[in-house]
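S.K.: For reference, the structure I am asking about is given below.
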Amino acid sequence: MNILIVNNSKIPVHLYGGTERVIWDLGKELVKLNCKVSYLVKRGSSCEFADVIAIDDSKEIIDQIPDEVDLVHFHFTPKHLDRVRKPYIITIHGNSNEEAFLYDQNTVFVSKNHAWRYQSDSFVYNGLDWNEYSKPNFNLERKYFHFLAKAAWRVKNVQGAIDTILRVKGASLHVLGGTRLNFSMGFRFTLNPRIHFHGMVGGKQKWDLLSASKGLIFPVIMYEPFGLALIESLYYGCPVFGTTHGSLPELITSEFGYLSNDSKELSKAIQETSQFDKRRCHDYALTCFNSKIMAKSYLEKYQHVVNGNKLNTNPPKLRQKQTTNFLEWTK
């Protein structure tokens, strides 16, 4: 099958870039499954295993689809879908709070909860190519916890992670994805020496930090669609301590972490980190959330659409509008 993957971003990505990392690993795995893959992405992109077509910003995306492709895999909803003359699917990676918006019938979400919130049962879990990551060191002494997200987004709740850790005597937190001084969160300046900021990190620096961590502190106050931070942390043997919002209860069972919307409860659970098996956490991510499983799942979706079928009986639509900026969290 000749597949065109479309996203309005640049590849490859080296630091932050969840969707970009997913589409890269998806394309690489599809090639291994004997598919021809091309990317329609921003100018300046490059790829050694697939053709790259630079988006022409003066034209509509749908007018830049090559004739020879069999299926188009969009990773956002483009304009004028009614003019697309090729079979296509659309993966939605984020959330929308628009009650009236109708998603295309060939929409795919990234977790069961994500799909349910839009009255759909069409989803594919994200997966990563773990061969691109360093091997975890389970014998290394682990001395701290970590937060992994774009901390400038208040819904990721880095302040909640900090508050939770500071309740635990002697515990420290390494923040991956944020800085000590943050104007976008209403001028937040963190002085406590138990909190360490690393900014945006990637590659070996990120892997080394995760491999030396006791666990991920992830008290998001949004409906998390999936959360690559969850599976990356699990891969390095880190249990997850987070809230019950979005995909977390679906992905993080009691064997792999503890979930609560109360900071005090999470801080108590953190003190029992030793009860979680680092190797079990690693094996869970390795076997359940890898790029090969993701690619095979998408191939099933592709074939379903190429055969003339729709992925959803009705256009997905928001089940219930969110009326507050932030979900439940007790400090």
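S.K.: Hey, any hits in segment 24-47 for a residue that's in a loop (DSSP other than H, G, I, E, B), hydroxyl-bearing (Ser, Thr, Tyr) and buried (at least 16 other Cβ atoms within 10 Å of the Cβ)?
M.R.: Initial filter on segment 24-47 (in a loop (DSSP other than H, G, I, E, B)): 33-35, 42-47.
Now restrict to residues that are hydroxyl-bearing (Ser, Thr, Tyr): 45-46.
Next, only the ones that are buried (at least 16 other Cβ atoms within 10 Å of the Cβ) stay: 45.
Yes, segment 24-47 has at least one match.
S.K.: If you go through segment 172-191 one residue at a time, do you hit one that is farther than 26 Å from residue 5 by Cβ, outside the structural domain of residue 233 (by TED's automatic domain parsing) and part of a loop (DSSP other than H, G, I, E, B)? Reasoning before the result, please.
M.R.: Step one: filter segment 172-191 for residues farther than 26 Å from residue 5 by Cβ, giving 172-176, 178-191.
From the residues that got through so far, the ones that are outside the structural domain of residue 233 (by TED's automatic domain parsing) too are none.
No, segment 172-191 has no match at all.
S.K.: So which residues in segment 190-207 are loosely packed, with under 15 Cβ neighbours inside 10 Å and within 22 Å of residue 137 (Cα to Cα)?
M.R.: Scanning segment 190-207 gives 202, 203, 204, 205.
S.K.: Mind checking which residues of segment 52-76 are charged (D, E, K, R) and more than 24 Å from residue 303 (Cβ to Cβ)? Spell out how you get there, then give the answer.
M.R.: Step one: list which residues in segment 52-76 are charged (D, E, K, R), which gives 56-57, 59-60, 63, 67-68, 70.
The answer is 56, 57, 59, 60, 63.
S.K.: Across segment 49-72, what is the total count of residues that are closer than 23 Å to residue 25 by Cβ, outside any strand (DSSP E or B) and among the charged types (D, E, K, R)? Reasoning before the result, please.
M.R.: First, the residues of segment 49-72 that are closer than 23 Å to residue 25 by Cβ: 49-55, 61, 65-66, 69-72.
With outside any strand (DSSP E or B) added as a condition, the list becomes 49-50, 55, 61, 65-66, 69-70.
Keeping just the survivors that are among the charged types (D, E, K, R) gives 70.
Number of matching residues: 1.
S.K.: A follow-up question, please. Picking from 22, 37, which residue would you name as being free of Cβ contacts under 8 Å to residues at least 60 places away in the same chain, closer than 22 Å to residue 289 by Cβ and of a type outside the set (Lys, Arg)?
M.R.: Working: 22 fails: free of Cβ contacts under 8 Å to residues at least 60 places away in the same chain.
After applying the criteria, what remains is 37.
S.K.: Here is a follow-up. Does segment 89-99 include one or more residues that are part of a loop (DSSP other than H, G, I, E, B), in contact with a strand residue (DSSP E or B) (Cβ under 6 Å, 6 or more places away or on another chain) and under 30 Å from residue 170 (Cα atoms)? First the steps, then the outcome.
M.R.: If we filter segment 89-99 for residues that are part of a loop (DSSP other than H, G, I, E, B), which is where we start, we get 92-99.
With the extra rule that they be in contact with a strand residue (DSSP E or B) (Cβ under 6 Å, 6 or more places away or on another chain), the set shrinks to 92.
Narrowing the set further to residues that are under 30 Å from residue 170 (Cα atoms) leaves none.
So far as segment 89-99 goes, no, none of its residues is part of a loop (DSSP other than H, G, I, E, B), in contact with a strand residue (DSSP E or B) (Cβ under 6 Å, 6 or more places away or on another chain) and under 30 Å from residue 170 (Cα atoms).
S.K.: Could you check segment 134-152 and list, in sequence order, the residues that are surrounded by fewer than 19 Cβ atoms within 10 Å (Cβ to Cβ) and over 17 Å from residue 174 (Cα atoms)?
M.R.: 134, 135, 137, 138, 139
S.K.: Of everything in segment 117-133 that's surrounded by fewer than 19 Cβ atoms within 10 Å (Cβ to Cβ) and part of a helix (DSSP H, G or I), which residue is modelled with the lowest pLDDT?
M.R.: Within segment 117-133, the match that is modelled with the lowest pLDDT is 132.
S.K.: Still on this structure: Whether any residue in segment 263-279 is within 14 Å of the chain's Cα centre (by Cα) and either at pLDDT 95 or above or outside the structural domain of residue 117 (by TED's automatic domain parsing) (or both) is what I want to check. Lay out the reasoning, then the answer.
M.R.: Just the residues of segment 263-279 that are within 14 Å of the chain's Cα centre (by Cα), to begin with: none.
No: segment 263-279 contains no residue that is within 14 Å of the chain's Cα centre (by Cα) and either at pLDDT 95 or above or outside the structural domain of residue 117 (by TED's automatic domain parsing) (or both).
S.K.: Moving on to the next point. When you scan segment 249-263, do you find a residue that is over 30 Å from residue 90 (Cα atoms) and assigned to a helix (DSSP H, G or I), even just one?
M.R.: Step one: list which residues in segment 249-263 are over 30 Å from residue 90 (Cα atoms), which gives 254-263.
From what is left, the residues that are assigned to a helix (DSSP H, G or I) are 263.
Yes, because at least one residue in segment 249-263 is over 30 Å from residue 90 (Cα atoms) and assigned to a helix (DSSP H, G or I).
S.K.: Restricting attention to segment 14-48, which residues are under 29 Å from residue 177 (Cα atoms) and hydrophobic (A, V, I, L, M, F, W, C)? Reasoning before the result, please.
M.R.: Residues of segment 14-48 under 29 Å from residue 177 (Cα atoms): 14-29, 39-48.
Once the filter is applied, which keeps residues that are under 29 Å from residue 177 (Cα atoms) and hydrophobic (A, V, I, L, M, F, W, C), segment 14-48 yields 15, 22, 23, 24, 26, 40, 41, 47.
S.K.: What residue, of 248, 266, 234, is over 23 Å from residue 23 (Cα atoms) and aliphatic (A, V, I, L, M)? Spell out how you get there, then give the answer.
M.R.: Numbers: 248 fails: over 23 Å from residue 23 (Cα atoms); 234 fails: over 23 Å from residue 23 (Cα atoms).
One residue alone meets the criteria, 266.
S.K.: Report the residue count in segment 304-331 for those that are touching a residue at least 40 places away in the same chain (Cβ under 8 Å), surrounded by 13 or more Cβ atoms within 10 Å (Cβ to Cβ) and not in a loop (DSSP other than H, G, I, E, B).
M.R.: Matching residues across segment 304-331 total 3.
S.K.: Name the pairs: first residue in segment 53-74 and among the small types (Gly, Ala, Ser), second residue part of a loop (DSSP other than H, G, I, E, B), Cβ to Cβ under 9 Å, at least 6 apart or on different chains?
M.R.: Cβ pairs passing all conditions: 54/42; 54/43; 54/44; 54/45.
S.K.: Looking only at segment 263-291, how many residues end up being in contact (Cβ under 8 Å) with a residue 60 or more places away in the chain, in contact with a Gly (Cβ under 9 Å, 6 or more places away or on another chain) and exposed (fewer than 15 other Cβ atoms within 10 Å of the Cβ)?
M.R.: Of the residues in segment 263-291, 2 are in contact (Cβ under 8 Å) with a residue 60 or more places away in the chain, in contact with a Gly (Cβ under 9 Å, 6 or more places away or on another chain) and exposed (fewer than 15 other Cβ atoms within 10 Å of the Cβ).
S.K.: For residue 50, which of the numbered conditions (1) under 18 Å from the mean Cα position of the chain (by Cα); (2) at negative phi; (3) surrounded by fewer than 22 Cβ atoms within 10 Å (Cβ to Cβ); (4) not basic (Lys, Arg) fails to hold?
M.R.: Failed condition: (1).
The values are calculated or read from the model by the stated rules, or taken from the named source; none is laboratory data. All values reported here derive from a predicted model rather than from experimental measurement. Methodologically, a virtual Cβ is constructed for each residue, glycine included, from the backbone with ideal geometry; neighbour enumeration extends over all protein chains shown.
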